[in-house]
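Chemist: Take this structure, written in structure tokens, and hold onto it; I'll ask about it next.
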Amino acid sequence: MKDFKILITGMLLVFLTGSLGSCKKWLDVRPSSQIKEAELFENELGFKDALLGVYSKMSARELYSDNLTMGFLDVLAQRYAVNNTGHKLYFAQRYDYLNIKIRPRIDAIWNEMYNTIANVNNILGHIEEKKGVFTGSNFDLIKGESLALRAFMHFDLLRLFAPAYSKGGNLAGIPYVSKLSTSAASLSTIDETIGYILADLKEAEALLEKNDPINGAPVSGDDLSKFRTNRMNYFAVKAILARVYLYKGDKINAALCARQVVDAKKHPFIKSASLTGIRKDRTFSTEHIFSLYISKLNEPVSEYFKFHLAGIDATELNHSESNIKTVFEISAGGSTDFRYIYLWEIDQSVKYHSKFWQEYSEATVDGGMYTKLMPLIRISEMFYILAECEANPVTAIGYLNEIRLHRGVAALATTLSLDGVKEEIMKEYKKEFFSEGQLFYYYKRFSYPKVPGSTVVANDKVYVLPVPDNEYEFRNK
């Protein structure tokens, strides 16, 4: 049996000074110093700062501002035409995970994710003994967010570094690390890992249900209470529960959780007026259930989605006009799709995905309102989950048509079979989650024999990323 020695570095948590000035800046973390954890957890402010430090670490390029969204994962899903042999992600598109250009990137995902989880565990390891320092409902909010973040990150690690659940819940999963320790972490099966994830999410749900202002609890005077929309809030927990239940094939509970998020009506669909004019809400921010504010989002965006002179070290990510038109079914009426007409732009005669273009500076009157947001789960996914879990094809089509209605696309015919519904859901994932990293997980969940667009046979050598060589040790038990 394998035990994994998770390598944890930088265990001093980031300390943030001052209060946060506005809703859009709630995650604009600028660390000014580091202090010993004993001092950090002396008061409520220290716990708040430590939690924001976790969000900041999640926003790194190794994780959700690049590798796990617009970059590495979407390259694995064959989103872009990476044909230049000098491109930094050329071998990723060909699933050569041991290549010297790719293996360090994969190792960084594992190491940084577990390092961030360690920082969450540091919060959870101190919070009970310091319960008396919290005011109002802040203990429940901070503990609930921390538990859910730990579950969220472990779930993505499971989806990357373990076989799909459909291969067998008794197969090796990942280490579920629930406490800060220098001891080796035992490897759990997939079923065991999901059990730990669900337990954390359910505890978080119970803590947030009556205490999260987004679910009707009173709003206090501090930012933790006021700015709940994009944080790991109550409805984000419910949405992630829906995602996890669907992963394990529990359609009843997946649909129940997704329905609760949809029925809450907290995440209104984008209007076309918000996609035109001076300010463009390209990420459909009103639909975000959980997202990160990434202060340096312009760095990967400029690298991947803006024109550069051709060179040996290529970085651009784009696709042919014909491929884009195929994805959005232009010949079948898709030319009116918001995701096609508003989220692609020309730069130096090359067409790029512009969802994350940072067009305005925060110093301008119209700038900064919609920029720097990375959606990690959105309301559209809840409708796709409801459609996938529905046994009646007419009802399932209704869920898909709700999305199409709000994307400017004609409704689907209600005569589709369940197989036809499944095909339409796949098409929607391809259109909806461009540059968000979700499509590869979809292909893996259904064990597609080949990722569409690739000629490589998609077995576990494609769908399961290799664990870093120096991260585990074998023990006889």
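Chemist: Out of Leu207, Leu224, Leu141, Leu201, report the one residue that is in contact with a Gly (Cβ under 6 Å, 6 or more places away or on another chain) and over 25 Å from Leu76 (Cα atoms). Can you show your working first?
Modeler: Details: Leu224 fails: in contact with a Gly (Cβ under 6 Å, 6 or more places away or on another chain); Leu141 fails: in contact with a Gly (Cβ under 6 Å, 6 or more places away or on another chain); Leu201 fails: in contact with a Gly (Cβ under 6 Å, 6 or more places away or on another chain).
When all the criteria are applied, what remains is Leu207.
Chemist: Among the residues of region 264-282, is there at least one that is outside any loop (DSSP other than H, G, I, E, B), surrounded by fewer than 17 Cβ atoms within 10 Å (Cβ to Cβ), without any contact (Cβ under 8 Å) to a residue 60 or more places away in the chain and out of contact with any Lys or Arg (no Cβ under 9 Å at 6 or more places or on another chain)?
Modeler: Taking every residue of region 264-282 in turn, at least one turns out to be outside any loop (DSSP other than H, G, I, E, B), surrounded by fewer than 17 Cβ atoms within 10 Å (Cβ to Cβ), without any contact (Cβ under 8 Å) to a residue 60 or more places away in the chain and out of contact with any Lys or Arg (no Cβ under 9 Å at 6 or more places or on another chain).
Chemist: Quick check on this structure: which one of Met113, Met58 is surrounded by 22 or more Cβ atoms within 10 Å (Cβ to Cβ), touching a Ser or Thr at 6+ places or on another chain (Cβ under 7 Å) and of a type outside the set (D, E, K, R)?
Modeler: Working: Met113 fails: touching a Ser or Thr at 6+ places or on another chain (Cβ under 7 Å).
The conditions single out Met58.
Residues are listed down the side, and each one gets a yes or a no for (1) among the small types (Gly, Ala, Ser); (2) free of Cβ contacts under 8 Å to residues at least 12 places away in the same chain; (3) out of contact with any Cys (no Cβ under 6 Å at 6 or more places or on another chain):
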residue	(1), (2), (3)
Ser146	yes, no, yes
Leu157	no, no, yes
Leu160	no, no, yes
Lys167	no, no, yes
Ser181	yes, yes, yes
Ser188	yes, no, yes
Glu205	no, no, yes
Asn215	no, no, yes
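Chemist: Would you check if there is a residue in region 234-253 being over 28 Å from Val75 (Cα atoms), surrounded by fewer than 23 Cβ atoms within 10 Å (Cβ to Cβ), aromatic (Phe, Trp, Tyr) and out of contact with any strand residue (DSSP E or B) (no Cβ under 9 Å at 6 or more places or on another chain)?
Modeler: No, region 234-253 contains no residue that is over 28 Å from Val75 (Cα atoms), surrounded by fewer than 23 Cβ atoms within 10 Å (Cβ to Cβ), aromatic (Phe, Trp, Tyr) and out of contact with any strand residue (DSSP E or B) (no Cβ under 9 Å at 6 or more places or on another chain).
Chemist: Related question: Scan Ala273, Ala254 and give me the residue that is at pLDDT below 95 and among the hydrophobic types (A, V, I, L, M, F, W, C). Even if it seems obvious, please write down each step before you answer.
Modeler: Values: Ala254 fails: at pLDDT below 95.
Answer to the selection: Ala273.
Chemist: Go through region 234-263 and count every residue that is of a type in the set (Gly, Ala, Ser), more than 17 Å from the chain's Cα centre (by Cα) and in a helix (DSSP H, G or I). Can you show your working first?
Modeler: As a first pass, look at region 234-263 and keep what is of a type in the set (Gly, Ala, Ser): 236, 239, 242, 249, 254-255, 258.
Checking the rest, the ones that are also more than 17 Å from the chain's Cα centre (by Cα) come to 249, 254-255.
Adding the requirement that they be in a helix (DSSP H, G or I) leaves 254-255.
Here the count works out to 2.
Chemist: Mind listing just one residue for me: the one in region 306-342 that is among the aliphatic types (A, V, I, L, M) and closer than 27 Å to Gly86 by Cα and, of those, surrounded by the fewest Cβ atoms within 10 Å (Cβ to Cβ)?
Modeler: Quick first cut of region 306-342, residues among the aliphatic types (A, V, I, L, M) only: 309-310, 312, 314, 317, 324, 327, 330, 332, 341.
From what's left, closer than 27 Å to Gly86 by Cα: 309-310, 312, 314, 317, 324, 327.
Working: Leu309: 5, Ala310: 9, Ile312: 8, Ala314: 17, Leu317: 22, Ile324: 16, Val327: 17.
Filtering first and then ranking leaves Leu309.
Chemist: Also, I was wondering about something else. If I filter region 74-96 down to residues being surrounded by fewer than 18 Cβ atoms within 10 Å (Cβ to Cβ) and at pLDDT 95 or above, which single residue comes out as farthest from Tyr304 (Cα to Cα)? Full working, then the answer.
Modeler: Narrowing region 74-96 to residues surrounded by fewer than 18 Cβ atoms within 10 Å (Cβ to Cβ): 81, 83-86, 94, 96.
Remaining after also requiring at pLDDT 95 or above: 94, 96.
Details: Arg94: 18, Asp96: 21 Å.
Residue satisfying both the conditions and the ranking: Asp96.
Chemist: Condition first: touching a strand residue (DSSP E or B) at 6+ places or on another chain (Cβ under 6 Å) and more than 27 Å from Met382 (Cβ to Cβ). Now tell me which residues in region 287-320 satisfy that.
Modeler: Selection gives Phe305, Lys306, Phe307, Asn318.
Conditions tested, residue by residue: (1) under 17 Å from Met382 (Cα atoms); (2) crowded, with 17+ Cβ neighbours inside 10 Å; (3) touching a Ser or Thr at 6+ places or on another chain (Cβ under 9 Å); (4) not polar (S, T, N, Q).
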{"residue": "Arg407", "(1), (2), (3), (4)": "yes, yes, yes, yes"}
{"residue": "Ala410", "(1), (2), (3), (4)": "no, no, yes, yes"}
{"residue": "Asp419", "(1), (2), (3), (4)": "no, no, no, yes"}
{"residue": "Phe440", "(1), (2), (3), (4)": "no, yes, no, yes"}
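Chemist: Moving on. Just give me the residues in region 287-313 being at pLDDT below 95 and touching a helix residue (DSSP H, G or I) at 6+ places or on another chain (Cβ under 8 Å), in sequence order.
Modeler: Selection gives Tyr293 alone.
Chemist: Could you list, ordered by first residue, the pairs with Cβ atoms under 6 Å in which the first is in region 298-310 and within 10 Å of Asp347 (Cβ to Cβ) and the second is surrounded by fewer than 18 Cβ atoms within 10 Å (Cβ to Cβ), at least 6 apart or interchain?
Modeler: Lys306/Asp347; Phe307/Asp347; Phe307/Gln348; Phe307/Val350
Chemist: Something else: Of all residues being within 16 Å of Ser65 (Cα to Cα) and hydrophobic (A, V, I, L, M, F, W, C) in region 100-110, which is surrounded by the fewest Cβ atoms within 10 Å (Cβ to Cβ)? Just the residue, please.
Modeler: Pass one, region 100-110, residues within 16 Å of Ser65 (Cα to Cα): 105-106, 108-110.
Among the residues that remain, those that are also hydrophobic (A, V, I, L, M, F, W, C) are: 106, 108-110.
Working: Ile106: 21, Ala108: 17, Ile109: 21, Trp110: 22.
Ranking the candidates gives Ala108 first.
Chemist: Can you pull out the residues in region 76-101 that are part of a loop (DSSP other than H, G, I, E, B) and within 13 Å of Gly453 (Cβ to Cβ)? Steps first, answer last, please.
Modeler: Initially, region 76-101 is screened for residues part of a loop (DSSP other than H, G, I, E, B), giving 77-89, 94-101.
Ala77, Gln78, Arg79, Tyr80, Ala81, Val82, Asn83, Arg94, Tyr95 - these are the residues of region 76-101 that are part of a loop (DSSP other than H, G, I, E, B) and within 13 Å of Gly453 (Cβ to Cβ).
Chemist: Can you tell me how many residues within region 376-402 are part of a helix (DSSP H, G or I) and touching a residue at least 60 places away in the same chain (Cβ under 8 Å)? Spell out how you get there, then give the answer.
Modeler: Looking only at region 376-402, we keep the residues that are part of a helix (DSSP H, G or I), and these are 379-389, 393-402.
Applying the additional criterion that residues be touching a residue at least 60 places away in the same chain (Cβ under 8 Å) yields 379-383, 385-386, 388-389.
Qualifying residue count for the region: 9.
Chemist: Next up: From (1) within 30 Å of Asp212 (Cα to Cα); (2) surrounded by 23 or more Cβ atoms within 10 Å (Cβ to Cβ); (3) without any contact (Cβ under 8 Å) to a residue 60 or more places away in the chain, pick out the condition that doesn't hold for Ala151.
Modeler: Ala151 satisfies all of (1) within 30 Å of Asp212 (Cα to Cα); (2) surrounded by 23 or more Cβ atoms within 10 Å (Cβ to Cβ); (3) without any contact (Cβ under 8 Å) to a residue 60 or more places away in the chain except (3).
Chemist: Continuing with this model, one more query. I'm trying to understand the selection: among the residues of region 162-221, which are of a type in the set (D, E, K, R) and either assigned to a loop (DSSP other than H, G, I, E, B) or within 19 Å of Met113 (Cβ to Cβ) (or both)? It would help to see each step written out before you state the result.
Modeler: Here is the first cut: in region 162-221, the residues of a type in the set (D, E, K, R) are 167, 179, 191-192, 200, 202-203, 205, 209-210, 212.
Listed by number, the residues that qualify are Lys179, Glu192, Asp200, Lys210, Asp212.
Chemist: Testing Leu73 on (1) among the hydrophobic types (A, V, I, L, M, F, W, C); (2) assigned to a helix (DSSP H, G or I); (3) more than 19 Å from Thr283 (Cα to Cα), one condition comes back false. Which one is that?
Modeler: For Leu73, the exception is condition (3).
The values are calculated or read from the model by the stated rules, or taken from the named source; none is laboratory data. Because the structure is a prediction, the values reported are computed rather than measured. FYI the Cβ positions are ideal-geometry reconstructions off the backbone, even for glycines, and counts take in every protein chain you see.
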